[in-house]
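Report on the structure given below.
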Amino acid sequence: MTNPVLLIVIPLLMAFLSIALKKSKKTLLFLAAIFNVLQVFIIQNGNYIIGGFKAPYGINLNLDSYSHLAVISINILFLLVIVMSSEKINKYSTVLLVSLAGLNGMLLTGDLFNLFVFLEIVSITAYILSTESKKYKYSFNYLTLGTLGSGLYLFGLIVLYAIFGSLNMADISSKMVSYDANKLIVPMMLIFVGLAVEAKLLPFNGWAKGVYGNTNSLIGALFASVYAGTILFVFGRVFGQVLLVSSYLKGVLIVIGLVTLIAGEASAFSKTKLREILVFSSIAQSGLVALLFVSGLIFPAVLQLLNNIIAKAIMFTVAGRISDEAATDDVDSLKGLFAENKLIGFAFTVSALSLIGLPLFYGFYSKINLLLGLFSKSSLLVAAFILLATIVEGAYFIRLLVKLWDPGEEGKESNIKYITDKKVEFDVSKKIIVFALSLIILLAGIYPSLVKDNLFNTDKLLNEDNPSYMFNLKGGM
Amino acid sequence: MKKIVAILFLGILGFFIFSGIYANDAFGSFGKVNLNDRVSNKFITKSVTNDNEIVEYNKSSNLETGSSNYVTSIVVNYRSFDTLGEVTVLFVSSLGVALLLGSFGGKLTLKYKANFILRVGAKTVFPLIALIGIYIFTHGHLTPGGGFPGGSMIASAVLLLYLSDENFRAKMSSFKLTESLMGSLYVLVGIFGLFTAGYFLSNFLNTGVVGNLFSAGIVPIVYVLVGLKVGSELTGIITDFLKEEVNE
């Protein structure tokens, strides 16, 4: 049995069952997550139709090397995140099961309306999970903006359906080729806004600071790595491969991405709370990845996206745990914290340095790739802005690391007696997983060919400069 | 001032959206659209997998979807996966309501004592409304309606009981059990199709003659499951909302 639809329906089945079998819902969650992780390695690439109706008429799941990579990384990260915070998940087991189904659905589906349904499912689970912090105002903000955003996505989709008479991604993509792209600016813009709310791009990310800034280790890691990764993979699918963006609109979207990147990094620089710094770093990274996808640089965008979600899984787990235990995440009151938790400190440092893009870390490989890609497209101005943002990013991350490692005042003698009196204990599962993830970043940084050979050689899709989605869809049409 | 700016901004935005959609030929004018370009055409002629055949009410048999209601044939056959998704949307919403409101607030006490006629009347209409709800979702493949409206009617009947009698309490555990069972069965029907016919949610039963009550294969089965599930979920939401407001 190697049908990818099982990635969606097995968690869903477990979710329905977990209402009746209340006592074992946590077990069901782990069963489904482990099943999915095993399943993603068995499934074969291809086009899987549902209900027996061929592609533009029924719904299909499209498993190509792009979505395969996406489901592999998202399912593994999901499992790791719930294992790391397994003491927190009991109340939310059913919600997490539904979200696992929805996330896989978003990544796999080859139908724009089906994508909307799964987007709804995933965002509702996100609203529910965000109430964990008991800051209901922020959850309400998120709910309002998110609902409005998915409403706009649906509106844009209705217009596209009215024009093309189809909801299938490949079908719309092939019909768009022979259509004047300038006439499609309104539906494209609506769909963009709908996805941008969830992807935290600039004018639409007002919810992110409140929600992310109050997360614990479970929700923070889940949002910043699993959810953010999924929505960016979907963004890359829709705007990098399916919809053909006119050159005028492309300019607008790239500017939005750039502004998000620079404003995000600048805001992160000005923050003093650990989780807020990480939120704005996440926002900046979303902007960067989105702008790469829109530019057609799929391969560098995926590299950067993986860099971000692995690093953020580590950092938000650590930050969430710190704020759970120490009841604060103000960096100044956490001085020298890592001196007593060296393993965790090591992992956090590796992920921060990888996000900056220093050599020896995986982030360097992704950053050099994206810069080379931009140079080859002669987008020198964009590359210059990205480098500028990197300097800001480097400044605040290194300042953060120095404070967290070095007990005592800046520029003064560091002494063990200045170590913060806040005690933060990390349990074994967190230590092991966080450390293993940081080793992956290091290993992939030293041997980048490992990443390239293992992930992308099976299919040329990601290496091609501007892949067109429709030619990739085998059979069924 | 802020409001005026907002209204102005909204007006400009609306103008651009409106003109962007209607000022070009994006929408073909009425009657000018080539139906063969649109997927819906084949939904109507029920010819996605076969060639065009004339579909006759009460005569044609064993079509790819046996539902005489077009909407149902799209919602529960061609795009059944979306319906499974929508069922999940409602499921997770009711779960969210339960998680949020379940922990606080006592039982709501009505400010009035319902009079005799309301109490007896509500109990009399309850089975009738529930029966119509059941009729609507069992006949979803023949007449307008289906699982969602039918289930909502059942939940509205329960609401009526709540409003007329403050001592009435729905047995939530049995509703939860129904909800769980129906959802699981929907998925299992799909997985059964995957094992027998090779496609998730494929219609593995004989679709019968168009227009008969026993026709359309798994469509009525799915609609009964959806109807019961929606009914129990909405009842759960109503029960969760019947709590005293808490001022924190």
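Structural remarks
- Remark: A:GLU340 matches the filter, which requires a residue to be open to solvent by 10 Å² or more (accessible area, probe 1.4 Å) and acidic (Asp, Glu).
- Subset of segment A:60-88 (residues that are β-branched (Val, Ile, Thr) and modelled with pLDDT under 85): none
- Residue in segment A:28-42 that is aliphatic (A, V, I, L, M), more than 23 Å from the chain's Cα centre (by Cα) and within 8 Å of another protein chain (Cβ to nearest Cβ) present: no
- Segment B:78-90: number of residues that are surrounded by fewer than 24 Cβ atoms within 10 Å (Cβ to Cβ), out of contact with any strand residue (DSSP E or B) (no Cβ under 9 Å at 6 or more places or on another chain) and facing chain A (nearest Cβ under 7 Å): 2
- Restricted to segment A:179-215, and to residues there that are among the hydroxyl-bearing types (Ser, Thr, Tyr) and either outside any loop (DSSP other than H, G, I, E, B) or surrounded by fewer than 24 Cβ atoms within 10 Å (Cβ to Cβ) (or both), the residue that is nearest to the other protein chains (Cβ to nearest Cβ) is A:TYR179.
Rundown of residues vs (1) without any contact (Cβ under 8 Å) to a residue 24 or more places away in the chain; (2) part of a helix (DSSP H, G or I); (3) open to solvent by less than 20 Å² (accessible area, probe 1.4 Å); (4) under 26 Å from A:GLY206 (Cα atoms), yes/no style:
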residue	(1), (2), (3), (4)
A:ALA101	no, yes, yes, no
A:ASN104	no, yes, yes, no
A:THR125	no, yes, yes, yes
A:GLU132	no, yes, no, yes
A:TYR138	no, yes, no, yes
A:ASN141	no, yes, no, yes
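- Residue check, B:PHE27 within 11 Å of chain A (Cβ to nearest Cβ), part of a loop (DSSP other than H, G, I, E, B) and either open to solvent by 30 Å² or more (accessible area, probe 1.4 Å) or modelled with pLDDT under 80 (or both): yes
- Considered as a group, the residues in segment B:98-157 that are touching a Lys or Arg at 6+ places or on another chain (Cβ under 8 Å) and among the aliphatic types (A, V, I, L, M) include one that is nearest to the other protein chains (Cβ to nearest Cβ), and that residue is B:LEU99.
- Count of residues meeting criterion [more than 8 Å from chain B (Cβ to nearest Cβ) and open to solvent by less than 40 Å² (accessible area, probe 1.4 Å)] in segment A:154-163: 3
- Residue match in segment B:134-151 (condition: surrounded by 20 or more Cβ atoms within 10 Å (Cβ to Cβ) and over 17 Å from the mean Cα position of the chain (by Cα)): no
- Condition met for B:TYR112 (on the phi < 0 side of the Ramachandran plot and either buried (at least 22 other Cβ atoms within 10 Å of the Cβ) or without any contact (Cβ under 8 Å) to a residue 40 or more places away in the chain (or both)): yes
- For segment A:253-275, the candidate set comprises residues that are modelled with pLDDT under 90 and in a helix (DSSP H, G or I); within that set, the residue that is farthest from A:SER123 (Cα to Cα) is A:LEU274.
- Residues (surrounded by fewer than 22 Cβ atoms within 10 Å (Cβ to Cβ) and either among the charged types (D, E, K, R) or closer than 27 Å to A:ALA319 by Cβ (or both)) located in segment A:233-257: A:LYS250
- Lone qualifier among B:SER232, B:SER173 - being among the small types (Gly, Ala, Ser), within 21 Å of A:LEU97 (Cβ to Cβ) and open to solvent by 50 Å² or more (accessible area, probe 1.4 Å): B:SER173
- Checking B:VAL71, B:VAL75 one by one, the residue that is assigned to a helix (DSSP H, G or I), away from every other protein chain (no Cβ under 14 Å) and closer than 30 Å to B:THR207 by Cβ is B:VAL71 and no other.
- Considering residues of segment A:78-93 that are in a helix (DSSP H, G or I) and open to solvent by less than 10 Å² (accessible area, probe 1.4 Å) only, the residue nearest to the other protein chains (Cβ to nearest Cβ): A:SER93
- Candidates A:ASN75, A:ASN62, filtered to the one that is more than 8 Å from chain B (Cβ to nearest Cβ) and outside any helix (DSSP H, G or I): A:ASN62
- Residue in segment B:93-108 that is surrounded by fewer than 20 Cβ atoms within 10 Å (Cβ to Cβ) and of a type in the set (Val, Ile, Thr) present: yes
- Subset of segment A:162-178 [without any contact (Cβ under 8 Å) to a residue 24 or more places away in the chain and either in a helix (DSSP H, G or I) or of a type in the set (A, V, I, L, M, F, W, C) (or both)]: A:ALA162, A:PHE164, A:LYS175
- The set of residues in segment B:183-209 that are touching a Phe, Trp or Tyr at 6+ places or on another chain (Cβ under 8 Å), on the phi < 0 side of the Ramachandran plot and hydrophobic (A, V, I, L, M, F, W, C) comprises B:VAL187, B:ILE191, B:PHE192, B:LEU194, B:ALA197, B:PHE200, B:PHE204.
The values are calculated or read from the model by the stated rules, or taken from the named source; none is laboratory data. Just so you know, these numbers come straight off a predicted model, no measurement behind them. Reconstructed Cβ throughout: ideal geometry from the backbone, glycine too, with neighbour counts over all protein chains shown. Side chains included, ligands, DNA and RNA excluded: accessible areas come from the protein's heavy atoms. Shrake-Rupley method; radii C 1.70, N 1.55, O 1.52, S 1.80 Å.
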